[in-house]
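Enquirer: The structure follows.
The values are calculated or read from the model by the stated rules, or taken from the named source; none is laboratory data. No experiment lies behind these values; they were computed from the predicted model shown. Neighbour counts run over all protein chains shown; Cβ positions are idealised from the backbone, glycine included.
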Amino acid sequence: MLESKSVTKMFGTLAAVDHISLSLEKGHVYAMLGPNGSGKTTWMKMAAGLIKPTSGQILFQGQPVNIESRKHIAYMSTEPYFYSWMTVKDVGKYYADFFDDFSYDSYLDLLRQMELTEEMKTSTLSSGMMAKLKIAVTIARDAQVYMLDEPFNGIDLLARDEMRRCILQYATEEKLLLVSSHLVEEMEAVADRAVFIQKGKLVENVDLEEMRTEMGVSMADRYRQIYGHTEE
Amino acid sequence: MLKLMKYEFRKTLVTKLILLGITAAVEIGYLISLYTEAKTALTVCIVLLTLLAVGGVMMMGLGSVLTLHRDMNTKQSYMLFMTPNSCHRILGAKVLENGLSILTAGAFYFALGALDITLLFWRSNAINEIWDFVQQFIHSMNDQIRLDTAGFAAFIFSLLAGWIMTVTLAYLADVVSAALLNGKKHNGLLSFALFLVLSWLIGWLTGMTTAGIADYNLKLVVRGAVNLVLAGIMYEITAQIMERKLSV
C-alpha cells in the first residue's frame, strides 16, 4: 500500500533519511521506532508529501505520493500546526472543507471522548489537550493510511490509554496505521509490526509476534539490542 | 479554490479590520471637523485619510507576503500543504484573494474620497479654492494626470496593477528563499537582491512597452495591463518552483 524505494533526504551534507526501502501493507499497525534524529519524522513527512525526497520515491498504491494521495493519507505531525486564530470547531470545519473523508460527527464524538469542547481556542490549549485535538481531527478522517508522529507526547498515562483505545478503534483490515513513538512499551500494546530506523537507515521491518516466538524478545528488548541502553 | 481563498481572507482579516477601524475613526473625525468647520482638524483628517488610502493598499500586499512567508516557514504550513491542493491552487488562491483585496480596498478608498470631496464641496463655500487644492495635490503626485474620470480611473488601475505585480514578485522572491536557498548563507539577502533586480527589470520592460504611446491615459492602461500579465508570469514561475522544490 505504501512503498519506499531507496528514499534519501539530505539536509546540506547530512542524510536525514538514507536509502530507505520498505513496504507497508494494509491491515497492520506499524510502530516506527528509533532514537531522536533517526529520520522517522522526515520519512513520514515525505510520505505525507510535505517534504520532497532528494532521491528515490515513495509510492502509494503504486503511484508516487502526490495531491491525490493526500486524499487518502492522514498525517498527524508531532508539532502543533493549527492556525492560532482557530477554535476547536474551526479546526473541524477546516478539515471538513478540505477532506472529503472527514466526518464531523466522528470528530464531535472523539472530542467528547477526549473531553474537549468546540469553543476552546487552539492557542490556549495545553500540550496534552493539543495532542488530543490532533489525534481527534486526524482519525475523524476515514483515510486509508494514518501516520501519527509521536501521538503520545505530553500526555498523561490515563489519557494515553484513552487515545490508544481511540486509535485502535479505527484500525481495521482495510487501513494502515503507522505510529512513531519513543515510548516503546506503550507501542507494544498497539502495534503488530515494527520498523526500526537508525541514523536514517532502515534496520528492520519485523512482525512482532514472529519476533517474540522466534527470537524470544519483546519489542522493547529488540529496541535495546539495536540502539543500546543509552540511546533510548 | 474558493475554500482556499476563504481561509486566505481569514488569515488577513485582523489586519483588514484594524485598517477599517482606523479609517472609520479618522472618517468620523473628518465629518465632525467638516460639520464644526474646524479647518486645522479637517486638514489633518484629509492628510490622514490620504495616507491611509495609500498605506492601506500597501499593507494589504505586505500582509499577504508575510502570510505566505509564515505558510512556508512555520509549522502552520502543514495546514495548507497537507490538503489535497496543488501549489498552483494554493498560490492562486493567495494571488486572487490579495488582488481582490487590493482592488476592493482601492475602490473603497476611491469611493470614500469621492464622497468626502462631494461633502466638502457641499459644505464649503470656497469650492474653487478647494478644487485648486485637490488639483495641486494630485499634480504633485504626477503632473501628467488629467483630472477627469477616465484619467483618474486609468491612474488608479495602473497603480493597483503595479502593486499587484510587486506583491506577486515578492511572492516569487520569498518562495525562492524557502525552496531554493533554504539553509544557504545570506538566504534573505539573496532573495531580496533577486526582488530588486527583477523589479528593476520589470520597470524597464514596462517602460519600453509603453514608450511609444503618446496618450497618457492609454499609456497608464497599457502599463497596468503589462503589469498584470507579468504578475501572471511570476505566478506561474513561483507555482512551478513550489510544486517541484518546496519542502515545508
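Enquirer: Could you pull out the residue among A:9, A:52, A:45 that is touching a helix residue (DSSP H, G or I) at 6+ places or on another chain (Cβ under 6 Å) and on the phi < 0 side of the Ramachandran plot? Talk me through it step by step, then tell me what you get.
Expert: Working: A:52 fails: touching a helix residue (DSSP H, G or I) at 6+ places or on another chain (Cβ under 6 Å); A:45 fails: touching a helix residue (DSSP H, G or I) at 6+ places or on another chain (Cβ under 6 Å).
From the options A:9, A:52, A:45, the qualifying one is A:9.
Enquirer: Would you check which residues across the range A:134-191 are surrounded by 20 or more Cβ atoms within 10 Å (Cβ to Cβ), polar (S, T, N, Q) and modelled with pLDDT of 85 or more and list them?
Expert: Listed by number, the residues that qualify are A:138, A:180.
Enquirer: Looking only at residues that are out of contact with any strand residue (DSSP E or B) (no Cβ under 7 Å at 6 or more places or on another chain) and buried (at least 16 other Cβ atoms within 10 Å of the Cβ) in the range A:53-72, which one is nearest to residue A:11 (Cα to Cα)?
Expert: A:70
Enquirer: Further question on the same structure: Among the residues of the range A:1-32, write down those that are in contact with a His (Cβ under 8 Å, 6 or more places away or on another chain) and either among the hydrophobic types (A, V, I, L, M, F, W, C) or within 14 Å of another protein chain (Cβ to nearest Cβ) (or both).
Expert: A:7, A:8
Enquirer: Among what's in the range B:32-66 and is of a type in the set (S, T, N, Q) and surrounded by fewer than 18 Cβ atoms within 10 Å (Cβ to Cβ), pick the residue that is nearest to the other protein chains (Cβ to nearest Cβ).
Expert: Among them, the one singled out is B:50.
Enquirer: Here's another thing I want to ask about it. Within the range A:204-216, is there a residue that is in a strand (DSSP E or B), under 15 Å from the mean Cα position of the chain (by Cα), modelled with pLDDT of 90 or more and crowded, with 16+ Cβ neighbours inside 10 Å? If you could, list the steps in order and put the result at the bottom.
Expert: So in the range A:204-216, the residues in a strand (DSSP E or B) come out as A:204-207.
If we keep only those that are under 15 Å from the mean Cα position of the chain (by Cα) too, we end up with none.
No, the conditions are met nowhere in the range A:204-216.
Enquirer: Which one of B:197, B:167, B:222 is β-branched (Val, Ile, Thr) and either without any contact (Cβ under 8 Å) to a residue 12 or more places away in the chain or part of a loop (DSSP other than H, G, I, E, B) (or both)?
Expert: Unique residue meeting the criteria: B:197.
Enquirer: Hey, another quick one. State which residue is nearest to the other protein chains (Cβ to nearest Cβ) when the search covers only the range A:111-122 and only residues that are of a type outside the set (A, V, I, L, M) and assigned to a helix (DSSP H, G or I). Quick ask: steps written out before the conclusion?
Expert: So the first thing to find is which residues in the range A:111-122 are of a type outside the set (A, V, I, L, M), and the list is A:112-113, A:115, A:117-119, A:121-122.
Adding the requirement that they be assigned to a helix (DSSP H, G or I) leaves A:112-113, A:122.
Values: A:112: 24, A:113: 24, A:122: 11 Å.
Ranking the qualifying residues of the range A:111-122, first place goes to A:122.
Enquirer: Still on this structure, please answer the following. Being over 30 Å from residue B:123 (Cα atoms), at pLDDT below 90 and either facing chain A (nearest Cβ under 10 Å) or exposed (fewer than 15 other Cβ atoms within 10 Å of the Cβ) (or both): is that true of residue B:14 here?
Expert: yes
Enquirer: Does residue B:203 count as under 16 Å from residue B:229 (Cα atoms), in a helix (DSSP H, G or I) and among the small types (Gly, Ala, Ser)?
Expert: yes
Enquirer: Considering each residue of the range A:62-75, count those that are within 7 Å of chain B (Cβ to nearest Cβ) and touching a residue at least 24 places away in the same chain (Cβ under 8 Å), and give that number.
Expert: Result for the range A:62-75: 2.
Enquirer: I'm trying to understand the selection: among the residues of the range B:49-74, which are among the hydrophobic types (A, V, I, L, M, F, W, C) and over 9 Å from the mean Cα position of the chain (by Cα)?
Expert: Passing the criteria: B:49, B:51, B:52, B:53, B:65, B:66, B:68, B:72.
Enquirer: Consider residue B:200 against the criteria (1) more than 17 Å from the chain's Cα centre (by Cα); (2) aromatic (Phe, Trp, Tyr); (3) surrounded by 15 or more Cβ atoms within 10 Å (Cβ to Cβ): it satisfies all of them except one. Which criterion is unmet?
Expert: Every condition holds for residue B:200 apart from (3).
Enquirer: Restricting to the range A:190-232, what's the tally of residues that are more than 29 Å from residue A:14 (Cβ to Cβ) and small (Gly, Ala, Ser)? Quick ask: steps written out before the conclusion?
Expert: Of the range A:190-232, the ones more than 29 Å from residue A:14 (Cβ to Cβ) are A:190, A:192, A:207-218, A:221.
Checking the rest, the ones that are also small (Gly, Ala, Ser) come to A:216, A:218.
Of the residues in the range A:190-232, 2 are more than 29 Å from residue A:14 (Cβ to Cβ) and small (Gly, Ala, Ser).
Enquirer: Identify, from the list A:54, A:78, the residue that is touching a residue at least 40 places away in the same chain (Cβ under 8 Å), within 29 Å of residue A:104 (Cβ to Cβ) and within 14 Å of chain B (Cβ to nearest Cβ).
Expert: Working: A:54 fails: within 29 Å of residue A:104 (Cβ to Cβ).
That would be A:78, the only listed residue that is touching a residue at least 40 places away in the same chain (Cβ under 8 Å), within 29 Å of residue A:104 (Cβ to Cβ) and within 14 Å of chain B (Cβ to nearest Cβ).
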